[in-house]
Each structure stands twice: as C-alpha cells, then as structure tokens.
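S.K.: First, the structure itself, so that you have it in front of you.
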Amino acid sequence: MGKWFKSGSPWIWMTSGAVSICLLSVLGLLLLIAAKGLSYFWPDNIYEWQLKDEQGQQYSLIGEIYDSENVPTERLIAAGREFAEDTGQTVTRYLIKTGNREFVDLDFRWILASDIISRSQPKDIAVIERNKNGDFFGFPIAVLENGTRLSGGNLSQLLQQHIGRAVKLNEQAQALQKSEIGSINYQLEKLRLKERGYELDNALTSERKEDIAQQKAQLDAEYQLLEARFFDLRKQAARDALIIKDMRGKEVILPLDSILGITYANQLSFIDKVGHWFTGIGKFISQDPREANTEGGVFPAIFGTVFMVLLMAVIVTPFGVVAAIYLHEYAKKGLVTKLIRIAVINLAGVPSIVYGVFGLGFFVYMLGGSIDALFYPEALPAPTFGSPGVLWSALTLAILTLPVVIVSTEEGLSRIPSSVRQGSLALGATQAETLWRIIIPMASPAIMTGLILAVARAAGEVAPLMLVGVVKLAPTLPVDMNFPFVHLDRKFMHLGFHIYDVGFQSPNVEAARPLVYATSFLLVSVIVGLNLTAIGVRNHLREKYRSLEH
C-alpha cells in the first residue's frame, strides 16, 4: 500500500474522478436546461375541468397543466382552507395556464385536486396564439368574414385559411414599415441633420434650402403613398374575426389581425406534435420578442450577441497579437517587461463591472462625446456616438479579454524553437519577414486558442454591457439596408441580458420561467457554435503549418 501511494497512482485516480464528476455535473446541468427549455415548445393537451369553490358553487376552467405538487393538508388548513371531507395528509394541486387575460385576473392559477369534479379533453378545443394578451383557450364557433358569419363546412380548415390570409397581410405591412417606410424616415432624418449642419456653418443658402425642401417634398409624397398602402394592408388584415366560446360559456369575438395561429392540441398525433415542436423552436429563433419579452422569439438578441462577439474578436485579435509579439520578440528582458506581464495577468482578474464603468466613462462619454462634437455637431444635443452602443460594447469586452489573448499568444511564441528564428535570419530574412512568414503562422493555433477563450468569456458577459450598449428591446438591428449599412452607434439586444430581464424583471414570472431555460440553452448553443468554429479553424491551421515545426 505504501508503494502504491508513493507511486502517485492515488492522486491520478483522485484527479480523474474529480474531473469526471465535474464533467458529469456540467453535462447534467446542460441536460436539465435543455429539458426545461425545449419542453416549452411541446404542445400539451388542453383540459376542461368542472370545479367547485369553497361555497360549493360549480364553475368551468379550461387550460393546460403547467406544474403539480403535493401540499400538506395542515398547511392549507392553517391558511384558512376548509375541507368538507378527509383528504389525507397531502393534497395534490395543479398549476393551470388558462390564458384569456382580458377576462381573468391571472393567466396562471392553482387548483386543488379535492375541488375537481370532472376532467375531460374535448377534441374541438383550440389554442389561439396572439400577438398580444397571450394565448386564448376556447371552442371556435364561426368565422366573421367582412361581417358575414360563416360556420358551415370544415370550420378548422376555414379558420386556417382566414388566419393564414391575415398573417400574410400583417407580414407584408410589417415588411413595408421596416423597409421602405423606415428607409424614408431615415432619409428625412438625414436631410434634417444636413440642413442643421448648414445652419451651424452659416452655409444655408437659398439654393441649398430650396433643394432640401424639394427632396423633403418628394420623400413626403412617397411616404404618403406608402402610408396609405400600409393602412390598407392593416385594414384588410382586420377584415375578418373569429367567434369563440370561452370557459365562461360566453361568445367572444377575436379580430384575426391579432391572431398568429390556431392549434387543436387534443387532435394532434405524436408526429403532428413533433412537427409543431420544431415549428415552435423555429419561431423562437427567427421572430422578434413581444409581451415584455415573455413571448415571441429572440432573433434580435441572437443577432446582437453574435455581431458584438465577432466585432470584439476583430478588435481584440490584432491588438493582443501585436502586444504579445512585442513583449516576446522585441522587448528587453528586464524589470519593466516583468511588471507589464504581471499587470496583464492581473487585468484578467479585474471584475467585469469595472470594465463597464471604464467603458462608460472613457469610450462613451469622453471618446464618443468628442466624436459627436467633431463630426456630428448638427445632431447635438442628441448623441450619436456619445451614447452606449454596439461599438463601445465590443471595445469594452475587447479590453476585458485582451489579457487572455496576450497570454495565450505568448505561450505559443515561446514554444517555437529559437533555431527556427536563427535559421530564417541566417538565410537572409529580416526579423519582420521571419515573424510574418514563419513565427506568426506557427503560433496561429495558440492565437486561435486565445480567441476561443476570449469569445467564450465575452459571449456570456452581461454586467459591463448593461452600461455600454445593451437594452431590453432594440427597435432596429445594427445592420440594415440604409447607408452605411452597419450602424455601430446603435444599441442592441443580448442573450445574456435577455435572460436577466425575463428571469428577474418580468411581470409574469410563471410565463417567463420556461423562456429563461430556453434562452439559456440557446446562449450555451451559440457559445458552443462559435467555439467549435474557432476550434475548426485552429485545427486546420495546426495541420497546415505542422511541417514548419519539423
């Protein structure tokens, strides 16, 4: 036994066991997040309950089972609940999602199993997905087509046709508003700033003023035509309506322009539910958020996260590589160089919120304010670059991740034998040529390793971004079809901040909970995707320049 301990085998097994436990814990956490998040898109069965309240009166409830738990009977009795008969030591209670926010106080409610008289799954009950006020549960009765009631034939097929028509018209109206109408508004704002710039320079001549007025008149005329077309599309989308009976037994009229889709969940087969599940995931990834981020998709957050990380990578890589090359290849080995290396290593331990405060003070207020004063005086006092934006977020995270890139690149440079440098110099190459053609290609895998670590940290950071650019809801993306096409001064959405906002700032906690899991899993997937891409590039470079090492 003593020899076994002296050989070091116990410590090897202990380390292996600890690593295995860590890997299993991480994998288990990811599986939990994936299960909680992806199950949100699975269409559950819809039930109709017949219940009785404490006074013995009966009422109906329609919804889906969201959660269930066993509650001690004593706790319920202590809370003032009375039971007519013995229910045992525990009572099962169900959390029901009822929707229909216009007619109920809360779209989630708890019901006790002891209050249930009967439960059924009607085949003709439908889930109406809407663009506001959440889902609506009920029994479709008829379609109002331009005021005419249609209820004969296949009602389900009739509904799908009319809802598809309304959704298509709404999409056309939204596309018109975002593209052509948005472009005209952008041009009008540019003309206003141009005129203001001429006024500040005392160069607003009558000819320029008349030319700007003509351009404005032409844009206004185009705007009026597009606006008329927009309202016509909205009017056509609002032409029809759905008559549906809710759980109160009353008929409710829902305009079709507010409906996104209809699902008869109790009629779906397993294959249909799988297709509905994939469709829900696709909508979650591709659509914009709505209802205070508790419904809809997260596409702007995905785009903002990836765009900001890529911009950060473009900024941090050259600066980190140049700094590492200088420290390793050019700087003299002395006290100053050691202090710089110590400072770089210590910077990696600075709290990220400190970088956010620095970015807000230096980049936004000082640098951005100076840029506005020099290049955008006509827009003042409204800031252009003197306000948090995606550029300042990328620069802040570039500084935050710079030590990682420097250290990784230096380690890669130190692994290159000095004989390679001496051989290149002996053949007549300059030091710069040796670096560019030999050293940097051989160190490129280490550079990519530093970039991978930088991307992994930057993609998950939230605290500094809250100060320098990220917002709850960004009306426009940093990239559009208006010149110069990439707008680095705009604010953006981020998956990490979206998780914080939905999880801790949402007014509807129960509705937001599954979205927190789904968005968390999506953020992990985005980070893994970015890292796998960088790892693939690193492996390619490693194979490409392997011959130089020999």
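The values are calculated or read from the model by the stated rules, or taken from the named source; none is laboratory data. Just so you know, these numbers come straight off a predicted model, no measurement behind them. Note: ideal-geometry Cβ built from the backbone for every residue, glycine included; neighbour counts use all protein chains shown.
S.K.: With the checklist (1) touching a residue at least 24 places away in the same chain (Cβ under 8 Å); (2) surrounded by fewer than 15 Cβ atoms within 10 Å (Cβ to Cβ) in hand, flag the one item A382 doesn't pass.
M.R.: (1)
S.K.: Report yes if S286 is of a type outside the set (D, E), closer than 23 Å to D135 by Cβ and under 31 Å from the mean Cα position of the chain (by Cα), otherwise no.
M.R.: yes
S.K.: Still on this structure, I have one more. Can you find a residue that is surrounded by 14 or more Cβ atoms within 10 Å (Cβ to Cβ), assigned to a helix (DSSP H, G or I), of a type in the set (S, T, Y) and assigned by TED's automatic domain parsing to the domain that holds T434 anywhere in segment 322-336?
M.R.: There is no residue in segment 322-336 that is surrounded by 14 or more Cβ atoms within 10 Å (Cβ to Cβ), assigned to a helix (DSSP H, G or I), of a type in the set (S, T, Y) and assigned by TED's automatic domain parsing to the domain that holds T434.
S.K.: F485 is checked against (1) in contact with a strand residue (DSSP E or B) (Cβ under 9 Å, 6 or more places away or on another chain); (2) crowded, with 16+ Cβ neighbours inside 10 Å and fails just one. What number does that condition carry?
M.R.: (2)
S.K.: Next question, about the same structure. Mind counting the residues in segment 248-298 that are among the polar types (S, T, N, Q), surrounded by 18 or more Cβ atoms within 10 Å (Cβ to Cβ) and assigned to a helix (DSSP H, G or I)?
M.R.: 2
S.K.: What number goes with the only condition from (1) over 30 Å from F362 (Cα atoms); (2) in contact (Cβ under 8 Å) with a residue 12 or more places away in the chain that W436 does not pass?
M.R.: Checking W436 against (1) over 30 Å from F362 (Cα atoms); (2) in contact (Cβ under 8 Å) with a residue 12 or more places away in the chain, the one that fails is (2).
S.K.: Can you tell me which residue within segment 418-447, out of those that are buried (at least 21 other Cβ atoms within 10 Å of the Cβ) and touching a Ser or Thr at 6+ places or on another chain (Cβ under 9 Å), is nearest to I315 (Cα to Cα)?
M.R.: Of everything passing the filter in segment 418-447, I447 is nearest to I315 (Cα to Cα).
S.K.: Here's something else I'd like to know. Considering only segment 296-336, state which residues are among the charged types (D, E, K, R) and either touching a residue at least 24 places away in the same chain (Cβ under 8 Å) or within 30 Å of H494 (Cα to Cα) (or both).
M.R.: Residue satisfying the conditions is E329 alone.
S.K.: Is it the case that S506 is free of Cβ contacts under 8 Å to residues at least 60 places away in the same chain and either within 20 Å of L29 (Cα to Cα) or out of contact with any Pro (no Cβ under 8 Å at 6 or more places or on another chain) (or both)?
M.R.: No.
S.K.: Could you go through segment 134-145 and let me know if any residue there is within 30 Å of Q224 (Cα to Cα), surrounded by 14 or more Cβ atoms within 10 Å (Cβ to Cβ) and either free of Cβ contacts under 8 Å to residues at least 40 places away in the same chain or touching an Asp or Glu at 6+ places or on another chain (Cβ under 6 Å) (or both).
M.R.: Yes, that holds for at least one residue.
S.K.: V274: of a type in the set (V, I, T), closer than 30 Å to S444 by Cα and within 30 Å of the chain's Cα centre (by Cα), yes or no?
M.R.: It is false that V274 is of a type in the set (V, I, T), closer than 30 Å to S444 by Cα and within 30 Å of the chain's Cα centre (by Cα).
S.K.: Give the number of residues within segment 91-133 that are among the small types (G, A, S), surrounded by 14 or more Cβ atoms within 10 Å (Cβ to Cβ) and part of a strand (DSSP E or B).
M.R.: 1
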